[in-house]
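Visitor: Below you will find the structure I want to go over with you.
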Amino acid sequence: MTEWLLLLLPMAAASGWWVARYARPGRSGQGAIPDAAFLRGLNYLLDQRPDKAIDVFLRLAEVDGETVEIHLALGSLFRRRGEVERAIRIHQNLVARPGLEREQRGFALYELAQDYVRAGLFDRAESLLLELAEIEPQGRRALHALIDIYQQERDWGKALGMAERLERITGRPMAGEIAQYRCELAEECLRAGATQEAEAHLRAAQEVHPECVRATMLQARIALARGDAQAALALCRRVAERGPQFIPDVLPQLLDALHRLTGVDTQAELRRLYRAQPGPALAAALADAIGRDQGVAAAVAFLSHHLRAHADLAALERLLELQGTATVGGAAPEQTALQVIRRLRARQAAYHCDHCGFVARGLHWQCPSCKHWATIKATQPEAMVAVGDGEPAPPSPATVAPAVGQTPAAASQSLPWRPK
Ligand SMILES: [Zn+2]
């Protein structure tokens, strides 16, 4: 039996009822479950064959209609198969049973709450989970489930309260999540014009999680709205230091601040950031700055150099545009190439999740797929590996773009153009 227990551990995490059954053998006093058949049902689950598992458990339920574990298994399977009403009926019948052990009732209530969530009946799920949150061993799971509900409902105040409570109970730090909820609340305040309240949320976010880049970005936005470009610039620089992956997202604010300030060398500022994060957005902004300061030829030289190190479609598009403007009307092959590049770029996902690989067109602070916070970042172009005397090699699996925040060695070398 021990090997089975180890095999089934991952599933146990998903189905607490299983732990209850096997953690204390003989506990239920309802030992009429034919174990071989029960394990066969679990085996089907492990093999990702839920329909077969349901057949086994339904037959078991006919033989032994009283056994709680079988009904819990069936309810959970029906829910996973999308038959939520059937799952709800099974779990409601279980909860209504007289003489149910307290622990079993807790499991059944938790499963019923999950059914309600799946059916979109958040109010019912919430009231069940609030009740369960007071009772161990379901209390922590209930708090996690409540946080999930509040996140789905975008009720950030309640999500914040539950996260703080969970942190107190478990001792597991939730600073990252708490700071994100504060930022969500700050954004709500900003939309309502309550700037001071927003600032208080952002200070609280940074108190609990000093590395929170999003709070700094929002502070930069507030500083710009107030007309304090110097403060906004300092905040944008802090974002670049603490989260270079977010430079593309703070770039519009940074450029706005630089535009408003006199005596700051925009090109030098962008060049410094480009060395840290030579991504498409910075390359484009730097090419623009070079073009303004030194003319189109210098901008073309910079982009050509950038493209030798990075397979960057946006930079290639910019380069062809610049070359098109340099020749009257643009040559026909260049126009065709531009059209192809624009078509490819329109399909390109500009952002991806570090945690689950979800791709997105824009920045989401919470990944819509894995629900992790601050894991979606701008995708860096694939690095080109130079062979021979600087000839770029075709991309290969070994030349996958470096992890966000890392700089390909080629890109940090000295650049061929000279700032004025
Ligand atoms: Zn994700």
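Quick note: the coordinates plus some simple rules give every number you see, no bench work behind them. Computed from a predicted structure; not experimentally measured. Positions of Cβ are backbone-derived with ideal geometry, glycine not excepted, and every protein chain shown enters the neighbour counts.
Visitor: Go through Pro248, Pro252 for me and flag whichever is in a helix (DSSP H, G or I), in contact (Cβ under 8 Å) with a residue 60 or more places away in the chain and under 26 Å from Asp288 (Cα atoms).
Guide: None of the others qualify; the one that does is Pro248.
Visitor: Next question, about the same structure. Out of (1) more than 13 Å from Ile88 (Cβ to Cβ); (2) surrounded by fewer than 21 Cβ atoms within 10 Å (Cβ to Cβ), what's the single condition that is false for Leu132?
Guide: Every condition holds for Leu132 apart from (2).
Visitor: Can you find even one residue in the range 316-337 that is out of contact with any Ser or Thr (no Cβ under 6 Å at 6 or more places or on another chain), within 16 Å of the ligand (Cβ to nearest atom) and over 24 Å from Glu211 (Cα atoms)?
Guide: no
Visitor: Under the condition of being assigned to a loop (DSSP other than H, G, I, E, B) and in contact with a strand residue (DSSP E or B) (Cβ under 6 Å, 6 or more places away or on another chain), which residue from the range 366-385 is farthest from the ligand (Cβ to nearest atom)?
Guide: Met384
Visitor: Further question: Could you list, ordered by first residue, the pairs with Cβ atoms under 7 Å in which the first is in the range 185-198 and under 12 Å from Leu218 (Cα atoms) and the second is exposed (fewer than 14 other Cβ atoms within 10 Å of the Cβ), at least 6 apart or interchain?
Guide: Filtered contacts from the range 185-198: Leu185/Gly157.
Visitor: Filter the range 345-365 for residues that are touching a strand residue (DSSP E or B) at 6+ places or on another chain (Cβ under 8 Å) and among the small types (Gly, Ala, Ser); which is nearest to the ligand (Cβ to nearest atom)?
Guide: Within the range 345-365, the first condition is being touching a strand residue (DSSP E or B) at 6+ places or on another chain (Cβ under 8 Å), and the residues that meet it are 349-354, 358-365.
Now drop any that are not among the small types (Gly, Ala, Ser), which leaves 349-350, 360, 362.
Working: Ala349: 13, Ala350: 15, Ala360: 9, Gly362: 14 Å.
Per the criteria, the residue is Ala360.
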